[in-house]
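Read through the structure below, which is laid out as structure tokens, and then see the notes.
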Amino acid sequence: MRALVLAAGLGTRLFPLTLLRAKPAIPFVNRPIIQYSLEMLKRAGIDECVVNLHHLPETVRQAVGAGFPGVHYSYEPEILGTGGAIAKIRDFLAGDDFVVCNGKIYFEEDLGKAVTSHKESGALATLVLVPFDRNAEFNPVFVDGRSKVKGFGPRYETQAGDTPFVFTGVHVLSPEILGRIPDGPSDTVRDLYLSLIREGKGVNAFISHAFWCEISTPRRYLEKSFEVLRRSEAQSNVISGHGTTIHSGAQLQDSILWNNVSIGEHAYLNKVIAVDNISIPANARFEESIITPLTKFEGVLQSRGGRRDRDLVIWPL
């Protein structure tokens with residue numbers, strides 16, 4: 001089996017972090033988040049995959065690094081969407097069932113179970129779902145009592161027995177489906193799965209109860225980072241990258257420091273994300289903020305809610 005890992009998106013909801021790194025390259029508990037998806041694939045026996053690229057492609061290449069020699073790349077000058085990304089590499093994926101996985105998720109599921117479910121169902125597509133969280137901002141995916149996907153989003157008219165779930169961004173697909181995806185931009189849900197459901201072809205649902213999260217907004221990124229950290233029984237209030245120094249007199253609470261960050265004496269940070277290569281001066285106090293260097297951000301300060309503080313920009317979380 002082979003796989004496609006989606007990493008081309010602009011990540012606009014994660015601004016300003018995604019002006020510095022593509023979303024799959026964002027450090028999540030001290031590792032680029034895309035590495036968790038690649039390792040999930042490896043555990044399922046999938047050693048060869050394509051990562052699609054568009055926004056800040058070199059940051060994704062660097063995030064993958066040398067530890068995944070079976071990774072190839074597909075650059076998209078124009079973002080093609082989920083369906084278009086599959087179509088662009090259809091020859092690579094043909095010949096066996098394959099997996100499509102989002103590069104911005106953390107998921108503890110044994111993917112092999114979903115693959116087995118897909119093969120046994122005989123469906124052209126299997127979507128890996130988790131229980132619906134009414135407090136989160138996710139569109140529901142509705143599934144009937146036979147584990148068949150019936151519809152997507154709030155516009156779907158539910159029927160008796162339909163249950164809402166959340167799509168994890170992991171699909172398992174049969175190679176026959178490649179002939180149904182046109183070249184050029186398209187979306188798997190809008191342009192493929194809805195038509196399969198209407199035709200009665202069947203879209204299978206694999207329900208996972210493993211821990212899953214994604215990082216679409218800065219606040220969610222901060223909260224889920226510490227949720228995952230504490231699942232490992234670590235009790236630290238700081239997640240810090242390499243080259244970072246924290247003065248012994250500084251106080252930090254639930255803050256993420258990227259690489260080469262310096263925290264001065266008596267500085268106080270609470271729920272702060274500090275990106276690469278910045279210095280927080282002594283006695284500074286920041287709460288519920290994102291801190292970036294002034295470089296690259298001068299032109300968007302007023303329009304995006306940032307404020308200048310010396311050579312730093314402070315953004316609301």
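The values are calculated or read from the model by the stated rules, or taken from the named source; none is laboratory data. Keep in mind that what you see is a predicted model, and the values were worked out from it rather than measured. Virtual Cβ from ideal backbone geometry, glycine too; neighbours counted across all protein chains shown.
Quick rundown of the values:
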quantity: Which listed residue is modelled with pLDDT under 95 and not charged (D, E, K, R), from S225, S240, S236; calculated: S236
quantity: Scope the range 93-116; condition surrounded by fewer than 19 Cβ atoms within 10 Å (Cβ to Cβ), farther than 26 Å from R220 by Cα and not aliphatic (A, V, I, L, M); matching residues; calculated: G95, D96, D97, G112, K113, T116
quantity: Residues of the range 280-308 classified as without any contact (Cβ under 8 Å) to a residue 40 or more places away in the chain and either outside any helix (DSSP H, G or I) or polar (S, T, N, Q) (or both), total; calculated: 19
quantity: Residues located in the range 181-191, provided they are assigned to a helix (DSSP H, G or I) and either modelled with pLDDT under 95 or surrounded by fewer than 17 Cβ atoms within 10 Å (Cβ to Cβ) (or both); calculated: V189, R190, D191
quantity: Filter pass, V50 being touching a His at 6+ places or on another chain (Cβ under 9 Å), surrounded by 17 or more Cβ atoms within 10 Å (Cβ to Cβ) and closer than 23 Å to N204 by Cα; calculated: no
quantity: Filtered residue count, the range 94-150, keeping only those that are out of contact with any strand residue (DSSP E or B) (no Cβ under 6 Å at 6 or more places or on another chain) and in a helix (DSSP H, G or I); calculated: 6
quantity: The range 100-125 residues that are closer than 23 Å to G200 by Cβ, paired with ones that are part of a loop (DSSP other than H, G, I, E, B) and polar (S, T, N, Q) (beta carbon under 8 Å, 6 or more apart); calculated: A114/S208; H118/S174; S121/S147; A123/S174; L124/S174; A125/S174
quantity: Residue match in the range 50-69 (condition: assigned to a strand (DSSP E or B), in contact with a strand residue (DSSP E or B) (Cβ under 9 Å, 6 or more places away or on another chain), of a type outside the set (S, T, N, Q) and farther than 30 Å from S303 by Cα); calculated: yes
